[in-house]
Amino acid sequence: MVHFQLSARAYAKLICHSAKYPDREINGALIGTISKKDNRVQIQDTIPLFHIELGLAPMIEVALNQVELYASSKGLTIVGYYQANETIDDTSINETAACIGKRISTNCDTSCILMVCNDTVLQQQDDSLSLKMFTCSDASSGVWREQKELSVINGDQTIPAVKKLIFNGVYKKLIDFDNHLENVNDDWTNTDINKAIEGI
């Protein structure tokens, strides 16, 4: 069984993306490293993609190609996908998530889909991991099954610290690919957010 581990940066940016658009579907890419020897995937960063229209195939391809180039420049690869559904308590994998997940899994056989549990993101007292993880043993089958092998580095400190970031409004500065398309000067790699997260 492959274990997936999120860095503080990866978890914080994913949760900030969901907090910025709590009434919309949002999605993004997970980038990191794979250790076949240790059966471990390190998710080191997340790249927020869309909050307007998640399923437009041409835009998804353009965005994922940009993410692949960026990840490669950092010695990383796309290792998964995340999504928050529009309905606050819905963590099911819909057609969009399955389609993009399949596209990623054809290039990375140890990829995952993380579904955001929106009902816990904005609850300051809830220190549970606001995610459900799904993996697919065979990309061609398209069958995604929930797995429990997911953790956050120093989770007992990171998760409360991320909640504090949310309640301090840091999420408002997050830029996704949609924002970048509206204003090309907006930095979809989120250098400023990354600096804010370094302190947690």
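Just so it is clear, none of the values below were taken in a lab; they were calculated from the coordinates. As the structure is a computational prediction, the values presented were derived from the model and not from experiment. Neighbour counts are summed over all protein chains in view; Cβ atoms, including those assigned to glycine, are modelled from backbone coordinates with ideal geometry.
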Inset, instruction - Consider the candidate values [x] 42, 37, 34; [y] 55, 49, 29; [z] 56, 48, 36; state which one is Cα extents along the principal axes in Å computed from the structure displayed. - result: [x]
Inset, instruction - Determine the percent antiparallel among the DSSP beta bridges restricted to segment 55-200, to the nearest 5. - result: 65
Inset, instruction - Using the number of other C-beta atoms within 10 angstrom as an exposure proxy, rank L49, L69, L181, L76 with the fewest first. - result: L69, L181, L76, L49
Inset, instruction - Return M115, M59 ranked ascending by Cβ neighbour count within 10 Å, so the fewest neighbours appear first. - result: M59, M115
Inset, instruction - Specify the inter-centroid distance of segment 10-28 and segment 170-198, based on alpha-carbon positions, in whole Å. - result: 12
